[in-house]
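Engineer: Dumping the structure here so I can ask a few things about it.
Every number here is computed from the coordinates shown, using simple stated rules; none is lab data. Quick caveat, the model's predicted, so the values are computed rather than measured. In this analysis, Cβ positions are derived from the backbone assuming ideal geometry, glycine residues included, and neighbour counts consider all displayed protein chains.
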Amino acid sequence: MARRSPVSRAASPRRSAAANAKVQQLESSTDQPGDTTLTTNHGVAINDDQNSLKAGERGPSLLEDFHLREKITHFDHERIPERVVHARGSAAHGVFQVYKSLATLTKAGFLTDPGRETPVFVRFSTVAGSRGSTDLARDVRGFAVKFYTDEGTFDLVGNNMPVFFIQDAIKFPDLIHAVKPEPDNEIPQAASAHDTFWDFISAMPESMHMVMWLMSDRAIPRSFRMMEGFGVHTFRLVNANGTSRFVKFHWKPLLGVHSVAWDEAQKISGKDPDFHRRDLWEAIEEGKFPEWELGLQIVEEKDEFALGFDLLDPTKLIPEELVPVQRVGKLTLNRNPDNFFAETEQAAFHIGHVVPGIDFTNDPLLQGRLFSYTDTQLIRLGGPNFHEIPINRAIAPVHNNQRDGHMRQTISAGNVSYGPNTLGDNQPAQATAAAGGYVTFPEPLGGTKVRQRGASFFDHYSQARMFFRSQSAPEQQHLIKALRFELGKVKSPDVQERMVRHLAQIDKELASSVGRALGLTVPAKPAAPPNHSIPADGDPKNHQHRELADPTIVSSALSMTAHVPGPIATRKVAVLVADGFDAAGVAALTKALAARGAAAVLVGPHVGQVVADDNKGYAAAFSILTTSSVLFDAVAVADGPGAADWTRDVDAIEFVKDAYRHCKAVAASGEGIKLFRAADIPVDEPEGDRPADAATAVGDRFTPQVIKRFVTAMADHRLWAREPGLHLPI
Ligand code: HDD
């Protein structure tokens, strides 16, 4: 049966006219499944699709077979080049609505009319891996939002990290060449743990802040639905009076910001490389629509130089403690694409797609991006008409004198394709500013043509330090371990040493912890590394890096663990059930989870029906062989006579051991506790039968107390405090 998405494609009074228009625009291009006749691409009905046309039953195929030729030719041309970066991604449709008018800040209609629902298409991605790579690579995640507004399309092409590796787009090809698989052997796939990446990074002090983010748990998110998004650059908002203010865009997920453990990420990559893609798809299919709030940090024009760092420098963020994030509207993803290729793969985002009321700044990374995005679509989507592909079509009317080109869809009538013209009444006509014509903010400019950066771009360490020092102790340990892992895979000792020297400028303890794992000592007085961001014959005084921001500042907004407990809605709990399991206990647990929007998923010794102590069969969604605890948020083992068998099953032991090791909430009742003992999970303490830690809930039954303890621990996401003791029994 054909799959139906929970959101109907028929025009709905609950959707805005714009949202209906976008849905219908896509609908009109959709070949819906149903009772249809098989045809060629030219509409000729096909009588036999099983056999090619041959000269005799055992004879050669005939060139005349137009059906065979067309079918194979089309197949041969099905692939297009993957994106040069962000090749692996998945996307969904949704809507955006502003809470109240932001007219004092911007004239953008979708930000001033709280009654307007703006259709959106959002694509999440990894950066370095190719299309078929794993979702759980340690990497930056793309967070690209296409707003189909009534005044034209606005693309906010951001990431899940608020800063970037480089300050100037001229270094982007170098960065990407360094991080992608090495060119001689195409190794490693979707990983930064190799020499060329760290060679480049160690020569680019400006990348240190981003490296802190990349080595933090932010690079291994639990779900796309639990990631923040950032526009990264400083943009401008311009209101109807022409007043401009600086703005940083944020997306704040309503489910909180969460990550997995690195060991877990590596295991997920094997068990389910589509983990994030599947999670997004299933949440939307189940009607658990992911939501984010749009956040704005506004800086008045007069305060451009008041923050202690340069707003045009994309390696800097504005600490939320300095400029709070105002939450101004909500993004909801509510419909999966019908066709991955037609929508997700062909979506063309462009940082240069802005609407009246939103403008650029002179951030040199932003400026270079403005060139790159159309240019890349020309090769990837095959020509200048990619804006006519349904997913890329604006809902605002499009009229201009652009014509022709590969795959042109629009049939432009008439003999006039130029302006000004008199033969066509000078149409299409320019729009006045009052009628919504885009007017660039008249920023005064002046200066000499130079290949240089301002001295205000030469502080490379203070925000890296702020990030590191703002992390909780477990987060710092994860970051240190990530660097030990990545740099431990680097073969060049020179590169490793250069990196340790950089780390020493960020934090001495960080440098010595990483250095120890590499067998390196940290120089007592680390020399300032060369800054290759200035020209070879540049002024040597520019080599001195500058400390502009307050070195003592700590921003709790940068820590993920500072923001728990949070909701457990949409979380998945594996409940291990064997023959004769405690049906009432499992029902109580399931009910408690459901009350908070979380789901219990039965995992049995086999798939299909598992008979409980009430003699009823319950369907196990997975067997212990077809799933793994790394694919769940928490694990519970049910009481019952069959539970004893788990203790002899290495897969079951591994299942709970991993859940414990990854600091998840774990619960067991009655006989199920034996599996914990078999897996060396501490359940007894000297004082009696008090559970070993706050996220281990055990009891004879799934009593309200056991369930409460379990659910409370889930709300903390992970009990990272468990980690220091993990070297003992696990
Ligand atoms: Fe980029 C894709 C985000 C710097 C050139 N970029 C791309 C995507 C995202 C970003 C989310 C995927 C869009 C999608 O889902 O289709 N890129 C960023 C951010 C950056 C950034 C947040 C820094 C703040 N990018 C950047 C620079 C350049 C590019 C400096 C080049 C000068 N980016 C591209 C590209 C891509 C792209 C080559 C590849 C596929 C595409 O554009 O459509 O043009």
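Engineer: Only sites in a loop by DSSP and with at most 14 other Cβ atoms within 10 Å count here; which trypsin sites (Lys or Arg not before Pro) in segment 78-183 make the cut?
Structural biologist: Passing sites in segment 78-183 are ARG79, LYS100, ARG131.
Engineer: Below 14 angstrom from the Cβ of PHE66, what's the summed charge of the other residues (Lys, Arg +1; Asp, Glu -1)?
Structural biologist: Its environment carries a net charge of -3.
Engineer: Follow-up question, since we're still on this one. At a Förster radius of 25 Å, what calculated FRET efficiency corresponds to the Cβ-Cβ distance of LYS100 and GLU286, to the nearest 0.05?
Structural biologist: After rounding, the FRET efficiency stands at 0.20.
Engineer: Hey, another quick one. Using the alpha-carbon centroid of each, what span in Å lies between segment 696-718 and segment 23-66?
Structural biologist: 58
Engineer: With viscosity set to 0.692 mPa s at 37 °C, what whole-number translational diffusion coefficient in µm²/s follows for the chain from Stokes-Einstein and a Kirkwood radius over Cα pairs?
Structural biologist: The calculation lands on 115 µm²/s.
Engineer: Of all the stretches in the chain, which is the longest one without any exposed loop site, taking chymotrypsin sites (Phe, Trp or Tyr not before Pro) in a DSSP loop (any state but H, G, I, E, B) with at most 15 other Cβ atoms within 10 Å?
Structural biologist: Longest site-free region, per DSSP loop and neighbour criteria: 439-730.
Engineer: Now a separate question. Viscosity 0.692 mPa s, temperature 37 °C: Stokes-Einstein D of segment 386-478 from its Kirkwood Cα radius, in µm² per second?
Structural biologist: 165
Engineer: Shape call for segment 565-722 from the C-alpha gyration tensor, a ≥ b ≥ c root eigenvalues: rounded (a/c under 1.5), prolate (a/b greater than b/c) or oblate?
Structural biologist: The shape class here is rounded.
Engineer: Here's something else I'd like to know. Evaluate the distance, in nm, between pseudo-label points positioned 7 Å from the Cα of ARG596 and of ARG451 along their respective Cα→Cβ axes.
Structural biologist: Taking the two extended label points, one gets 5.8 nm.
Engineer: Tell me, what are the semi-axes, in whole angstrom and largest first, of the equivalent ellipsoid of segment 422-518 as set by the roots of 5 times the Cα gyration tensor eigenvalues?
Structural biologist: 52, 18, 16
Engineer: Further question on the same structure: For a 18 Å ceiling on Cα separation, which of these pairs sit above it: LYS146/LYS288; LYS591/LYS708; LYS180/LYS489?
Structural biologist: Over 18 Å apart, Cα to Cα: LYS146/LYS288.
Engineer: Can I ask one more? With just the Cα atoms defining each centre, how far is segment 471-510 from segment 392-451? Give it in Å.
Structural biologist: 51
Engineer: How large is Rg/Rh for segment 89-392, to two decimals, with Cα atoms and a Kirkwood Rh?
Structural biologist: Ratio of gyration radius to Kirkwood radius for segment 89-392: 0.94.
Engineer: Hey, another quick one. Describe numerically, in nm with one decimal, the distance between label points set 7 Å from Cα along Cα→Cβ at ARG69 and at ALA587.
Structural biologist: Each label point lies 7 Å from its Cα, and together they span 6.8 nm.
Engineer: Could you give the length gained by full extension between VAL554 and LYS491, i.e. 0.36 nm per residue of separation minus their alpha carbon distance, to one decimal place?
Structural biologist: So the chain would gain 19.2 nm between VAL554 and LYS491.
Engineer: Can I ask one more? Based on the Cβ-Cβ distance from HIS727 to ASN241, what FRET efficiency comes out when R0 is 41 Å, to the nearest 0.05?
Structural biologist: That gives a FRET efficiency of 0.05.
Engineer: A follow-up question, please. Determine the calculated [θ] at 222 nm for the chain from helices alone, applying -39500 (n - 2.57) to every DSSP H run no shorter than 4 residues and normalising by the residue count; nearest 500 deg cm²/dmol.
Structural biologist: The helix contribution divided over the chain gives -7500 deg cm²/dmol.
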